[in-house]
Structures are given as C-alpha cells and as structure tokens.
Amino acid sequence: MASDDSTGGRMDGKVALITGGASGIGRACGLRFAAEGASIVVADLNPDRAANVVDEINELGRPAVAVAVDTSSQEQNDAMADAAVDAFGRIDACVAAAGISHAGYVSREIDDQAGNDRFDRGDMFFIEKSLESWQRVIDVNLTGVMLTNQAVARKMAEGGGGAIVNISSIAGTNVLKGSADYCVSKAGVWMLTRCAALELSRYGIRVNAVGPGYIQTSMSGAVLGNERWVAARERETPMGRLGVPDDIANACLYLCSDEASFVTGEIIFPDGGVMAAGR
Ligand SMILES: NC(=O)c1ccc[n+]([C@@H]2O[C@H](COP(=O)([O-])OP(=O)(O)OC[C@H]3O[C@@H](n4cnc5c(N)ncnc54)[C@H](O)[C@@H]3O)[C@@H](O)[C@H]2O)c1
C-alpha cells in the first residue's frame, strides 16, 4: 500500500496496541509505529504518562488512545483488547512491553520519589527472596505477557490475523546476579513466544520476541548514574555503547510489519553483540 505523505508507510492502516506504552521501549514503539502510519493504543499502568504519549503521537498527526491496564490481571487485559477494538475496530499488531525489573519497581520516577535503591533491596538475592516478590515479577513479566497475548490473539483471530512481539531480554538467557525472578520471567517469555507462535499460526497470527541488551530507559535509570556500572556494561557490549529505546522499537517494527510475513517463533537480540559474545 502506498504511504500518505505524512508517514513512512510500513504500518499504514494498521492498529498497534503497545503495553508498557507510557515509557521507555513501549513509548518508543508507539512513536515509531505511528511514524510509519499506525494508529496506536497506549496501554499502561500509568494513565497520566500514557496520555502524554498519546499527545506526542497526535503531534505526529496519528490517532492514539490511552488505556489504563494492569497487565497481570486477566480481566483488565480483556477490557484493554475490547477498548482497542472499540477505538479502532481491530488489532493488527501488539508489542507486550509492560515489565518490571523487580517486585518493588514501577518506574524510576516512583522509585526516586520513594527513595528506593535498586541495590538496597532486602530480598534481592536468591536465598532471601520472598515468595511475594518472586510472584509479582512472574505475574507481571510472564503471566501478564501470556494474558496480553491471549486477549489480543482472540481479537486478531476475529480480524483474520496479526503480529505479536513479546519483550524478553538477554537476561532470559544470561544470568543476572540478584535477579532470579527477572531472569526466569524473561526465559519464560521466550518459551511462551515459541508455544504461542506454533498454536496461533493457524489463525494467521505471528508471534516473535525481542531480547534487548542494556537499554537506557527509566528501568535502567537507577544504575545509569553509576559510572562504573555503565563502563562495565559498555565493556560487556561488543559495540561499546548502551542501547536506546529506538534500537528496540526498530526491531519490533520489523517483526510487526509485512516485511516479516514469514517470520514467527523467532527472537531478535538488539544488544550490540552481548549474546554473540556469549558472556
Ligand atoms: N531497559 C532495559 O535495559 C531492558 C533490557 C531488557 C528488557 N527490557 C524489558 O523491556 C520492557 C520495557 O522496559 P523499559 O526499559 O522500557 O522500562 P520502563 O520502566 O521505562 O517502561 C515500562 C512500562 O511498563 C509499565 N508497567 C509496569 N508494570 C505494568 C503492569 N503491571 N501493567 C501495565 N503496565 C505496566 C510501566 O508503567 C512503564 O510505563 C520490559 O519488559 C523490560 O523488562 C528492558
């Protein structure tokens, strides 16, 4: 389809729903997809920041709506998918980017306001990890992604197909000390992606994953000010830099576009070479 003058055209006429769309990687996906012609559903726990992203997308001349959702709730995922179809008539693409780095994390702003320190958590390490902390990370990062996939897949099946991208992480393969819950959740997202791809192909739905490396977002904000941490991550990354949200949004855009029409059950690691280096 030819693009209109205001867009790049790779997502012309498509409706994309982005969970975690109010910040970081999710926000970048919303803006990037909109610039390519999509209408965007910005779904997030934080409705005020989601509304700000809607304004940014509208400034690009594209339609968008904000939907408040806690993706760990089945009921709220279903209501989110209903709201998307009410707004735009269908869902063609979904990026499941809502996620937390640990149980107490919601966003860096909130951590800062509360004085929470990423490296001063009582139950950070495995032997001290509370069931409650473990469960919250699994609920949001793994069960939440599964529930989002189910809710949007039902709408996509009704509409004749679609493309889903789940945000995993290099931490789904590489061990991060002090983050067993997070690593397990992200490994689970990758396996979930393959299972869903196999089962949903009959409905014309492709399901892929993206595993970001070290990306500068609110989530990593706690450690970005730590020069030693940043230098160590840059050394660990063959390309010698941290990633930016657009590095991830571009991979998601490819997987959601028709250019990836024969790609399903795959994972792409935009990580500057961390996985290739096999650390
Ligand atoms: N930043 C990185 O280095 C990095 C690396 C690998 C993977 N990831 C993954 O990328 C995804 C996006 O993270 P980010 O770095 O953009 O972080 P971010 O904190 O900037 O954005 C996450 C968004 O998810 C939302 N959210 C959190 N819990 C939610 C819930 N229960 N329901 C709905 N929305 C919820 C937050 O409000 C926030 O807007 C996450 O899944 C994260 O695990 C990030």
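Throughout, read-outs are computed from the coordinates displayed, never taken from laboratory work. If you're wondering where the values come from, they're calculated on a predicted model, not measured in any experiment. In this analysis, Cβ positions are derived from the backbone assuming ideal geometry, glycine residues included, and neighbour counts consider all displayed protein chains.
Quick one: among Leu147, Leu253, Leu242, which has the greatest mean-square fluctuation in a GNM of the chain with alpha-carbon springs under 10 angstrom?
Ranking Leu147, Leu253, Leu242 by mean-square fluctuation puts Leu242 first.
Sorted by mean Cβ packing within 10 Å, highest first, what order do the peptides 207-219, 264-276 take?
Ranking, from highest mean packing down: 207-219, 264-276.
Using amide H atoms built in the peptide plane, which far-off residues or other-chain residues are under 5 Å from Ile205 H to H?
Gly162
So what is the relative contact order for the range 15-266, in percent, with contacts set as C-alpha pairs under 8 Å and at least six apart? Write out the running numbers ahead of the final one.
Working: 485 pairs, mean separation 51.2, N = 252.
Relative contact order here is 20 percent.
Which values of log₁₀ I(q)/I(0), to two decimal places, follow from the Debye formula for the chain at q = 0.08, 0.10, 0.12, 0.14 Å⁻¹ with a uniform point scatterer at every Cα?
Here log10 of I(q) over I(0) equals -0.30, -0.47, -0.69, -0.95.
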